[in-house]
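Notes to accompany the following structure.
The values are calculated or read from the model by the stated rules, or taken from the named source; none is laboratory data. Note that the coordinates shown come from a computational prediction; the quantities given were computed from them, not determined experimentally. Please note: Cβ atoms are built from the backbone with ideal geometry, for glycine as well, and neighbour counts cover all protein chains shown.
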């Protein structure tokens, strides 16, 4: 009985729920119909125009083509890298082997050797080591006493000779005015000759005075150039000997650069080419131009033997080294802060285009590439009108 009562209670609950759901559906129908009418009253959406782009390929086809495209892109990239590597190798080979450049460059200068023209003890030294002097500055002075005495003696002798000349000229003139009864022709000639001898003695005395004056001036040793005194070992009290060098001055107006180029690169060297010299320790180059090319270097096999015959070295290596020929470079511009010292070394690079630095890097790269390809294809040929012919 208890189970039957439970079944009846369940049946009643189901009927109540059904009645509630029915009433809910009846109330919702009017709302749904209102929504449908509102949608029907809305204007129809615009019609989409067909796209001009081609339809996308199917996903399966794209997935099948992806490996092929990836493989082709890798091959093309490899080919491009290979071509770039070949071009770079050609350019590097051309720049290193054929292009006119050398690391064997040296700064050169003229050195003025100062030697006294008179001998004597040094009484004054007006310079120090590595001091800059101008042309005409006094370097040191030799004791002038002996030369002052010689000058005064020469002047006294000159005055004596001039007096003697005056007397003999008067005598000669007096003999010329006398008649033949008072003098003879022979006597006139004797007095005239004596006057001429006296005149010659005066001329000699005048030259001695001039020599004494110049010797006195030479006791002051002056600088012949503008430059720096170098390796000064002189001191006051030393004896200066005539013609013996005792001071060296580096002429600052005579600096130049010698570039020792291999003979395999001389075909690309021309007179007037722009030159850049990078000294060791400095990044900014010195600017110059090629002025001359040396026409001869020493040959070891040309030495003469004991019997006057050529002495030829019997040893000849299989690898023949290229000779190096000096090329003289005049300096046009020295950047501030770079001292020129004779003996400094650097890298010398020549360029046919004097305005190469003013052009873009792309233009310079094209020029280098075309030159390198030309050397590889047609070989290296000398540039025309590079070296002046013999005149």
Exercise. Failed condition for residue 309, given (1) in contact (Cβ under 8 Å) with a residue 40 or more places away in the chain; (2) farther than 25 Å from residue 132 by Cα, with all others met?
Worked result: (1)
Exercise. Only one of these conditions is not met by residue 115: (1) modelled with pLDDT of 95 or more; (2) touching a strand residue (DSSP E or B) at 6+ places or on another chain (Cβ under 7 Å). Which number is it?
Worked result: (2)
Problem set entry | Residues located in the stretch 166-185, provided they are touching a helix residue (DSSP H, G or I) at 6+ places or on another chain (Cβ under 7 Å) and farther than 23 Å from residue 200 by Cα | 183
For this session: May I ask you to list the residues in the stretch 247-299 that are farther than 27 Å from residue 335 by Cα and in a strand (DSSP E or B)?
Result: 247, 262
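Out of everything in the stretch 188-200 that is surrounded by fewer than 18 Cβ atoms within 10 Å (Cβ to Cβ) and touching a helix residue (DSSP H, G or I) at 6+ places or on another chain (Cβ under 6 Å), what residue ends up being nearest to residue 150 (Cα to Cα)?
199
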Exercise. Restricting the first residue to the stretch 89-100 and requiring it to be assigned by the TED database to the domain that holds residue 261 and under 20 Å from residue 324 (Cβ atoms), which pairs with a second residue that is at pLDDT 75 or above and surrounded by 14 or more Cβ atoms within 10 Å (Cβ to Cβ) meet a Cβ separation below 6 Å and a spacing of at least six or different chains?
Worked result: 100/265; 100/268; 100/269; 100/350
Exercise. Quick one: would you say residue 107 is part of a strand (DSSP E or B), surrounded by 14 or more Cβ atoms within 10 Å (Cβ to Cβ) and either at negative phi or touching a helix residue (DSSP H, G or I) at 6+ places or on another chain (Cβ under 6 Å) (or both)?
Worked result: yes
Exercise. Is at least one residue of the stretch 200-214 in a loop (DSSP other than H, G, I, E, B), farther than 30 Å from residue 346 by Cβ and not assigned by the TED database to the domain that holds residue 347?
Worked result: no
For this session: Select, from 127, 122, the only residue that is assigned to a strand (DSSP E or B) and in contact with a strand residue (DSSP E or B) (Cβ under 9 Å, 6 or more places away or on another chain).
Result: 122
For this session: Keeping to the stretch 300-330, report how many residues are assigned to a strand (DSSP E or B) and within 30 Å of residue 107 (Cβ to Cβ).
Result: 7
